[in-house]
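A short worksheet on the structure shown next.
Please treat every number below as a calculation from the coordinates, not as lab data. Owing to the predicted nature of the structure, the values given are computational and were not obtained by experimental measurement. Note: ideal-geometry Cβ built from the backbone for every residue, glycine included; neighbour counts use all protein chains shown.
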Amino acid sequence: MKPHQLAVFLSHQSMFRGLSMPETETVAGRMEVLDYADGDEIFAEGQPCDGWYVIVKGEVEIVKAGVGGMDHDLAQLEAGEGFGEMGLIDDAPRLATVSALGKTTVARLSREGFHRLMAEEPSICARVVLAMARVLVQRQRALTSILTDLVDDPETAAPGPREMISMLLLR
């Protein structure tokens with residue numbers, strides 16, 4: 001996929017709506033397009049952050065290792081959704097493992113590319129970070145709502161673990 005094709009795809013995604021087409025092309029030009037087969041690991045829990053990803057085609061699953069070897073399916077994300085922004089922002093290790101579900105194509109903005117974008121195009125980078133922050137804020141608001149309900153009435157308000165995790169990760 002050429003940078004212009006990627007930019008056209010990205011321009012239709014909510015995270016990039018605050019950017020003009022030339023600005024989106026600047027970001028797309030710094031991204032690497034990667035293809036994965038079904039079951040391929042994109043990154044593993046505990047690994048250092050290598051970048052931020054946007055799904056171009058296909059789906060991914062996010063799995064968290066549990067105590068005693070029981071893995072927890074946290075979410076499935078589809079084309080247009082991003083993942084990996086937390087590690088890009090705070091440089092902490094990955095919190096979960098992400099794998100491809102079927103043939104999947106992602107665009108990755110490497111950690112180094114992100115830092116170059118900050119240095120060379122701070123206005124564009126600020127708007128990309130703002131879009132990432134909006135995703136994180138949505139997740140935080142969902143978590144706050146769930147925690148409030150749990151404290152107020154733990155028996156009737158609590159969704160099941162899968163529903164709670166999905167709500168946090170997907171919106």
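Of V63, M86, M31, which is farthest towards the positive pole of the chain's charge dipole, taken about the Cα centre with +1 and -1 on the beta-carbons of Lys, Arg and Asp, Glu respectively? Farthest towards the positive end: M31.
Sorted from longest to shortest, the spans of the Cα atoms of the chain along the three principal axes equal 52, 33, 27 Å. Under 5 Å between amide hydrogens, built in the peptide plane, is the criterion, and for F43 it picks out V98 among residues at least 5 positions away or on other chains. Database remark: amide H of G80 closer than 5 angstrom to the amide H of I55, V56 (H placed geometrically; neighbours at sequence offset of 5 or more, or on other chains; Pro and chain starts carry no H).
In summary, the lysines within cross-link reach of K103, defined as a Cα separation below 20 angstrom excluding same-chain residues under 8 places away, comprise K2, K57.
Given H placed 1.01 Å from N in the peptide plane, which residues other than close sequence neighbours of G18 have an amide H under 5 Å from its amide H? The list, which skips near neighbours in sequence, is empty: none. Using the charge dipole of the chain (Lys, Arg: +1 at Cβ; Asp, Glu: -1 at Cβ; taken about the Cα centre), state which of S123, P48, L6 has its Cα farthest towards the positive end. Looking along the dipole axis, the top candidate is S123. Pick from L136, L147, L88 the residue whose mean-square fluctuation is largest in a GNM of the chain, springs joining Cα atoms under 10 Å. The residue with the greatest mean-square fluctuation here is L147. Counting Cα-Cα pairs of segment 60-104 in 10 Å increments starting at 0 gives whole-percent bin shares of 25, 48, 25, 1.
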